[in-house]
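Worksheet: one structure, shown below.
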Amino acid sequence: MAIRKIRVMGDRVLTKKCRPVDEMTDRIKILINDMFDTLYESGGVGLAAPQVGVLKRIVVIDVTGEDPYVLINPKIVETAGEQCGMEGCLSLPGKMGEVTRPNYVKCEAFNENMEPFVLEGEELLARCICHECEHLDGIMYTEHVEGELLDSMAPEEEE
């Protein structure tokens, strides 16, 4: 297990479309474990493979710290409702912006054993699924920000 370097906005890898995963390999298993280590170390809730420089359609998500999900070749197949809220990204540290996303998302994907499954999420999980799946197509949340990007520092950090 290892912490991988998170690529930041401006790195061309974040603008590229990722390739599907055809089979589970030892390298992909290591990548998934490293992605979780990197996610937890950085304090994020989701991470896509291009954010660590790998152009594969792999996402890891854990919005509670207790419910980790691996999404391989994810496809959003249904959305409903709307939520508007502040969103940030590990690839754009220190910034946030207001983004409107679906309040409910249904996603089809493969797990780490390449078994198909469906993940349904509301609120933060729905937002995270949308955000991370867009990374796989080279889209960053900044393309959806309504208004300006803001500094995400907490008040106690500003002093």
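The values are calculated or read from the model by the stated rules, or taken from the named source; none is laboratory data. Quick caveat, the model's predicted, so the values are computed rather than measured. Here the Cβ is made from the backbone with ideal geometry for all residues, glycine too, and neighbour counts use every protein chain on show.
Within the range 30-84, restricting attention to residues that are assigned to a helix (DSSP H, G or I) and polar (S, T, N, Q), the residue that is farthest from K5 (Cα to Cα) is N33.
Of all residues in the range 111-159, those being assigned to a strand (DSSP E or B) and either closer than 20 Å to T79 by Cβ or at pLDDT 95 or above (or both) number 8. Within the range 72-103, being of a type in the set (V, I, T) and crowded, with 18+ Cβ neighbours inside 10 Å holds for I72, V99. Checking L14 against (1) in contact with a helix residue (DSSP H, G or I) (Cβ under 9 Å, 6 or more places away or on another chain); (2) outside any loop (DSSP other than H, G, I, E, B); (3) closer than 22 Å to E122 by Cβ; (4) not basic (K, R), which single condition isn't satisfied? Only one criterion is unmet by L14, namely (3).
All conditions in (1) surrounded by 19 or more Cβ atoms within 10 Å (Cβ to Cβ); (2) over 28 Å from D26 (Cα atoms); (3) without any contact (Cβ under 8 Å) to a residue 60 or more places away in the chain hold for Y69, with the sole exception of (2). Being touching a residue at least 24 places away in the same chain (Cβ under 8 Å) and more than 21 Å from V21 (Cα to Cα) is a property that does not hold for E112.
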